[in-house]
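The values are calculated or read from the model by the stated rules, or taken from the named source; none is laboratory data. What you see is a predicted model; the values in this text were computed from it and never measured. Positions of Cβ are backbone-derived with ideal geometry, glycine not excepted, and every protein chain shown enters the neighbour counts.
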Amino acid sequence: MKRLQLFEQFLNEAKLKAGRDEALANAILAYYYAVDGTPEGDAVQALPGNPIRSDGSVSEQDGLSAWGKDVVKGLSGARRCPSDFMMGDVITIAANNGNSYYFDGSDFVEGDKTIISRIDKIKKREFIDELIKLKIIETPKY
């Protein structure tokens, strides 16, 4: 029984939590914003790990490689970083504004209102740019 409880604690610690993981959530978004050939990508080159070389498609669930986790840890100062996460949770925690964000099919939703349509047609950097323009998150700092 004790092993089962420890495993459940391990699973709960892997989830990002509001009030504790804002820096980590902002670092994850900063990592995806820093693609190769951008000033942000050049700034990340000096950190441990490996920046993203190309811009990928937006997805509801995402994850980081070991190199990506090293970059996120370097940006946030965190000692731990989840391998897999829900992007809506990351944005909700990074926004820290009391609103809930999630994906509804190909739309990105705040509460019950669609704020970005057709996310399946845009890349992560453009998606994060839209979040910045809508003043949901701040521009990543490196």
message: Residues that are over 19 Å from Ile137 (Cβ atoms) and either assigned to a strand (DSSP E or B) or out of contact with any Ser or Thr (no Cβ under 9 Å at 6 or more places or on another chain) (or both): does the range 89-103 have at least one?
response: no
message: Could you check the range 46-69 and list, in sequence order, the residues that are among the hydrophobic types (A, V, I, L, M, F, W, C) and either modelled with pLDDT of 75 or more or loosely packed, with under 13 Cβ neighbours inside 10 Å (or both)?
response: Ala46, Val58, Leu64, Ala66, Trp67
field: Filtered residues of the range 80-114 (kept if in contact with a strand residue (DSSP E or B) (Cβ under 6 Å, 6 or more places away or on another chain) and of a type in the set (A, V, I, L, M, F, W, C))
entry: Met86, Met87, Ile91, Phe108, Val109
query: Looking at this structure, is Arg79 modelled with pLDDT under 90, basic (Lys, Arg) and farther than 23 Å from Glu40 by Cβ?
result: yes
message: So for the range 70-79 (the condition being in contact with a strand residue (DSSP E or B) (Cβ under 8 Å, 6 or more places away or on another chain) and either assigned to a loop (DSSP other than H, G, I, E, B) or without any contact (Cβ under 8 Å) to a residue 40 or more places away in the chain (or both)), does at least one residue qualify?
response: no
- line: Within the range 28-45, of all residues that are without any contact (Cβ under 8 Å) to a residue 60 or more places away in the chain and buried (at least 16 other Cβ atoms within 10 Å of the Cβ), the one farthest from the chain's Cα centre (by Cα) is Gly41
- line: Within the range 31-44, of all residues that are among the acidic types (Asp, Glu) and out of contact with any Lys or Arg (no Cβ under 6 Å at 6 or more places or on another chain), the one modelled with the highest pLDDT is Glu40
- prompt: Is there any pair with a first residue in the range 124-137 that is under 18 Å from Thr38 (Cα atoms) and a second that is of a type in the set (Ser, Thr, Tyr) and assigned to a loop (DSSP other than H, G, I, E, B) whose Cβ atoms are under 6 Å apart and which are 6 or more apart or on different chains, and what are they?
  reply: Ile132/Thr139
field: Of all residues making up the range 116-134, the number that are at pLDDT below 95 and in contact with a Leu (Cβ under 7 Å, 6 or more places away or on another chain)
entry: 0
- prompt: Could you list, in sequence order, the residues of the range 96-129 that are within 19 Å of Ala25 (Cβ to Cβ) and out of contact with any Asp or Glu (no Cβ under 9 Å at 6 or more places or on another chain)?
  reply: Asn97, Gly98, Val109, Glu110, Gly111, Phe127, Ile128, Asp129
message: Quick check on the range 8-30. Is at least one of its residues in a helix (DSSP H, G or I), modelled with pLDDT of 85 or more and aromatic (Phe, Trp, Tyr)?
response: no
